[in-house]
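Trainee: Below is the structure I would like to discuss, written out as structure tokens.
The values are calculated or read from the model by the stated rules, or taken from the named source; none is laboratory data. Small disclaimer: the values here were computed from a predicted structure and weren't measured. Here the Cβ is made from the backbone with ideal geometry for all residues, glycine too, and neighbour counts use every protein chain on show.
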Amino acid sequence: MTVKLMLAAFFITLIMGCNKADNASPIDDPTEQIAWLKSKKEELSKNCGCMPTIWSHSYEGRTIFEIGCSGPACNCVHSFYEENGNEVAGAQDADRASFVSKLKNQKKLWSCGE
């Protein structure tokens with residue numbers, strides 16, 4: 001009886017684990033595959049003076065995109081967007097430091113001139 005229970009538990013775990021992986025639909029290149037982000041990249045490409053850059057981050061289980069500049073002598077405001085293109089609420093106000101401290105797994109997706 002114990003062997004049957006162990007086998008059943010093993011197969012249930014295996015099936016549930018496979019379902020999670022199968023439901024994931026990773027995006028290889030968000031700056032080419034997400035329409036609003038591709039449009040933003042094309043717009044930013046027109047002036048590379050301050051090296052406009054797009055990063056992705058993990059934030060509370062979601063992907064957040066950051067658009068800013070990485071030029072050494074440039075002072076620009078970085079904006080944060082959800083996957084649907086909406087600006088993240090709270091990312092530009094007094095709670096900005098708290099929001100930024102929770103960003104994880106920063107990845108540079110694109111930088112003008114590189």
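Trainee: So which residues in region 90-101 are loosely packed, with under 11 Cβ neighbours inside 10 Å and in a helix (DSSP H, G or I), if there are any at all?
Mentor: 97, 98, 101
Trainee: Let me ask something else. What pairs come out if I take residues in region 91-114 that are touching a residue at least 40 places away in the same chain (Cβ under 8 Å) and pair them with residues that are aromatic (Phe, Trp, Tyr) whose C-beta lies under 7 Å away, six or more apart or interchain?
Mentor: Listed by first residue and then by second, the contacts come to 102/59; 103/59; 106/55; 107/55; 108/55; 109/55.
Trainee: Related question: Given the condition modelled with pLDDT of 95 or more, under 24 Å from residue 27 (Cα atoms) and in contact with a Leu (Cβ under 7 Å, 6 or more places away or on another chain), answer yes or no: does some residue in region 65-74 qualify?
Mentor: Within region 65-74 (the criterion being modelled with pLDDT of 95 or more, under 24 Å from residue 27 (Cα atoms) and in contact with a Leu (Cβ under 7 Å, 6 or more places away or on another chain)), the answer is yes, since at least one residue qualifies.
Trainee: Could you tell me whether any residue of region 14-32 is of a type in the set (Val, Ile, Thr), at pLDDT below 90, part of a helix (DSSP H, G or I) and at negative phi?
Mentor: Checked region 14-32: at least one residue is of a type in the set (Val, Ile, Thr), at pLDDT below 90, part of a helix (DSSP H, G or I) and at negative phi.
Trainee: Which residue is surrounded by the most Cβ atoms within 10 Å (Cβ to Cβ), if the candidates are limited to region 45-89 and must be part of a strand (DSSP E or B) and charged (D, E, K, R)?
Mentor: 66
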